[in-house]
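Worksheet for the structure shown next.
The values are calculated or read from the model by the stated rules, or taken from the named source; none is laboratory data. On a predicted model such as this, the values are computed, not experimentally measured, just so you know. When we count neighbours, we look across all protein chains shown, and the Cβ atoms used for this are built from the backbone with ideal geometry, even at glycine. With ligands, DNA and RNA removed, areas are computed over all heavy atoms of the protein, side chains included. Shrake-Rupley method; radii C 1.70, N 1.55, O 1.52, S 1.80 Å.
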Amino acid sequence: MITGMYDGSCMITISEEEYPVPANYASKSMLVPGDKLKLAINKDGSMIYKLIQQAPRTHIMVIIHKKNNKYMALGADNKNYSLNTAAVTFFKAQCGDEVCMIINQNSEVNHAALECVLK
């Protein structure tokens, strides 16, 4: 087993090794930076991630927009947050939609998990 922290796209181990986390898993599990993960690598090379400890979280309401062809969310504090494209696609969200998202309440990292779309 390998453990590490989610950074918004990868799991980073204590020895600074990076393992890419599949976007669908991150979306389904609503991962936020700071979540602790474990990784099992099977003999066939397949990787299985599991969330073992959530980072402290808070929910905020934001509006979706695109910047440089990537989905972003603009919070009330005028801060932009990166969104997982797999989550945006799954929820069929569009630019201008108001959404509820989850962020790490103790982190300045600008990556968020999409929880639901309010239409």
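Values for this structure:
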| item | result |
| --- | --- |
| Lysine-lysine proximity count for the chain, Cα under 20 Å, sequence distance 8 or more or distinct chains | 15 |
| Segment 1-65: GluC sites (Glu not before Pro) falling in loop per DSSP and having at most 10 other Cβ within 10 Å | 16 |
| Nearest-20 debye value, the chain charge dipole, Cβ charges on Lys, Arg, Asp, Glu | 320 |
| Pairwise centroid distance, computed over Cα atoms, of segment 65-119 with segment 30-49, Å | 23 |
| Per residue accessible area of the chain, 1.4 Å probe, in Å² | 59 |
| Residues of segment 18-61 with amide N under 16 Å of the 7 Å Cα→Cβ point at residue 79 | 32-35, 55-61 |
| Over 19 Å [Cα-Cα, the chain], rounded percent | 45 |
| Computed label-point distance, nm, for sites residue 52 and residue 65 using a 7 Å Cα→Cβ extension | 4.0 |
| Contour excess over end-to-end distance, with Cα ends at residue 119 and residue 95 and 0.36 nm allotted per residue | 7.5 nm |
| Loop-located GluC sites (Glu not before Pro) in segment 33-119, at most 16 other Cβ atoms within 10 Å (DSSP) | 108 |
| Computed [θ] at 222 nm, deg cm²/dmol, the chain (DSSP H ≥ 4; -39,500 (n - 2.57); rounded to nearest 500) | -2500 deg cm²/dmol |
